[in-house]
Amino acid sequence: MTKDVRRLIEELRHGDREVFNSIYEEYSPLIRSLVAKYCGGTDSSLDEDMTQEALIALYNSAMSYDLEQSEVSFGLYAKICISNRIISAMRKRTSSIESDEDIPDYLGDADSDPSKQLDDRESARLLAEKMLSQLSSYERRVFRLYVQGVRAADIAELLGKTPKSVDNALSRIKNKIRKVL
């Protein structure tokens, strides 16, 4: 660890909260790359949420890093802490199964009849419920990540499964959706 980062961590621990900005500047490329790795850059609100999670993890890692040891650099320690925090947040996000999340907020065009929009929304809700009811909890988690644009290999890592398991789940999901439609 450079003496500069060590000094910043010590100052942060002694109550100088402003130095966190310097630590963030040093590790912002790492944060951006990890958020991109796990979120894929397809959903800006998801990217923002995970960036906030990463910032919390960076702060916590600065506060908990053992400055006396020399085996693990602060950069590696921070990377592990940030990755774990993002993965945990993604798991929490995908474990909340509510069918309304799968229905677009807006159906129809700007000139549509409000009652038609309501009918379309209700039809979409019923279809989503029927489709999700056919999936196992594991398949629902895979499906949610997949429709968010997360690559199959990253889904496997997030869920602690093998890539083959995710590929098999995606095949089962596609077959079940075809039957519903």
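So here's what we get for this one:
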item	result
3 or more residues of a type in the set (D, E): qualifying helices (runs of 4 or more DSSP H) within the stretch 1-82	3-13, 44-64
Unique residue being free of Cβ contacts under 8 Å to residues at least 40 places away in the same chain, surrounded by 17 or more Cβ atoms within 10 Å (Cβ to Cβ) and not charged (D, E, K, R) when the list is L76, L34, L58	L58
Members of the stretch 17-31 that are in contact with an Asp or Glu (Cβ under 9 Å, 6 or more places away or on another chain) and surrounded by fewer than 11 Cβ atoms within 10 Å (Cβ to Cβ)	E18
Filter pass, L30 being under 30 Å from R144 (Cα atoms) and assigned by TED's automatic domain parsing to the domain that holds S88	yes
In the stretch 124-181, residue nearest to L34 (Cα to Cα) [restricted to those that are among the aromatic types (F, W, Y) and surrounded by fewer than 19 Cβ atoms within 10 Å (Cβ to Cβ)]	Y146
Unmet criterion (only one of (1) closer than 28 Å to L158 by Cβ; (2) surrounded by fewer than 11 Cβ atoms within 10 Å (Cβ to Cβ); (3) at pLDDT 90 or above) for H14	(1)
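The values are calculated or read from the model by the stated rules, or taken from the named source; none is laboratory data. Keep in mind the model is a prediction, meaning the values are calculated, not measured. A quick note on method: Cβ atoms are made from the backbone with ideal geometry, for glycine too, and the neighbour counts reach across all protein chains shown.
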